[in-house]
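The values are calculated or read from the model by the stated rules, or taken from the named source; none is laboratory data. These figures come from a predicted structure and were not determined experimentally. Here Cβ is always computed from backbone atoms with ideal geometry, including for glycine, and neighbour counts include all displayed protein chains. Quick note on the areas: whole protein, heavy atoms, side chains included, nothing else; ligands and nucleic acids left out. Shrake-Rupley method; radii C 1.70, N 1.55, O 1.52, S 1.80 Å.
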Amino acid sequence: MPNIVVLIKQVPDTWSERKLTDGDYTLDREAADAILDEINERAVEEALLIKEAQGGEVTVLAAGPARATEAIRKALSMGADKAIHIQDDAIHGSDAVQTAYILAAALGQIEGVELVIAGNESTDGRAGAVPAIVAEYLGLPQLTHLRKLTVDGDKVTGERETDEGVFRLEAGLPAIVSVNEKINEPRFPSFKGIMAAKKKEVQTFTLADLGVDPETVGVANAGTQVTGVTPKPPRTAGEKIVDEGEGGNQIATYLVGQKVI
């Protein structure tokens, strides 16, 4: 009966316009609608499938501002048992290494964690490195970018698909895994699940609670810095081709001119 923790994140909706803040060029999270990242829904779903088959408990763990409780409640309404919310203004602008350090510190506060599941990358950052960095901080084996996951006793196995083929990975528990979009199709929360989520425990931690020095995280202490941005050019109407028998040749000529072919 594994004790599972799922790392989740609230991100701007991909259908909303995303903006950067002036000055530090961090993502303006108030400028767009916010949702639970879709890949995190799949991570939660995989944890719930394991729980339904083998028992155990599912805890979701998120770091973010007060608004992140919306994403946490979504995960709880899907069926997660409880949640931990790391909320501290000093986290703002933390890079992948700092974020992983904070999450690792929080995982250290949870007793009996046997499996940590995360999405392979967030849609607002695309670093794809946080699960592996968390594993490094905690000294745990990592199975990343999985399309299939199986837990059997004290062992976890998975399949990773690459351009070179499909690889089978295996590790003993406790371990950290990340999953991709092929892992499953997440369930929709039921009305009963939505109502139950309102009563489930959400524990809030600050950096002080985790023993993390605020001078080691945040945009001012990040290992990378954005010094400027250039807005993407506005979309143009493009070139319209009317096929009067030479449409194929005209398209080919255009693509050659654009160095696409």
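Remarks
- Most mobile listed residue (V44, V166, V179) in the chain, GNM with C-alpha springs under 10 Å: V166
- Acute angle (nearest 10 degrees) that the helix 247-257 long axis makes with the longest principal axis of the chain, alpha-carbon atoms: 70 degrees
- Between the entries [x] 18.4; [y] 14.6; [z] 16.7, the label attached to mean projected area of the Cα convex hull in nm² calculated for this structure is [x].
- Each of D22 and E52 was given a label point 7 Å from its Cα along the Cα-to-Cβ line. The distance between the two points is 5.0 nm.
- Amide hydrogen neighbours beyond the local backbone of S94, cut-off 5 Å, H modeled: G218, V219
- Spin-label model, E239 to A66: label points 7 Å out along the Cα-to-beta-carbon direction sit 5.4 nm apart.
- Within region 111-183, the proportion of C-alpha pairs whose separation exceeds 21 Å stands at 21%.
- The modelled label-to-label distance between A252 and E164, using points 7 Å beyond Cα along the C-beta direction, is 3.7 nm.
- Using a Förster distance of 25 Å, the FRET efficiency for A31-F188 (Cβ separation, nearest 0.05): 0.35
- Of all the options A237, A222, A43, the one that moves most in a Gaussian network model of the chain with Cα springs shorter than 10 angstrom is A237.
- Net charge contributed by nearby residues that have their C-beta within less than 13 Å of A129 (K/R +1, D/E -1): -2
- Cα long-axis angle, helix 69-78 against the chain (0 to 90 degrees, to the nearest 10): 80 degrees
- Loop-exposed GluC sites (Glu not before Pro) per DSSP, neighbour cap 15 Cβ within 10 angstrom, longest uninterrupted part of the chain: 31-110
- Within the shell defined by Cβ-Cβ distances under 13 Å, the residues around T59 carry a net charge of -2, with Lys and Arg each +1 and Asp and Glu each -1.
- Cα-based helix-to-principal-axis angle, 96-107 vs the chain, degrees rounded to 10: 20 degrees
- Dividing the mean sequence gap of close Cα pairs (under 8 Å, 6+ apart) by how many residues the chain holds gives a relative contact order of 23 percent.
- Using the Cβ of Q87 as centre and a radius below 11 Å, the other residues enclosed give a net charge of -2, where K and R count +1 and D and E count -1.
- To put it simply, the accessible area of region 4-131 at a 1.4 Å probe is 46 percent carbon and sulfur.
- Accessible area expressed per residue, region 3-210, with surrounding protein chains retained (probe 1.4 Å, Å²): 49 Å²
- Build a GNM of the chain with springs between Cα atoms under 10 Å apart, and of P186, P131, P233 the one that fluctuates most is P233.
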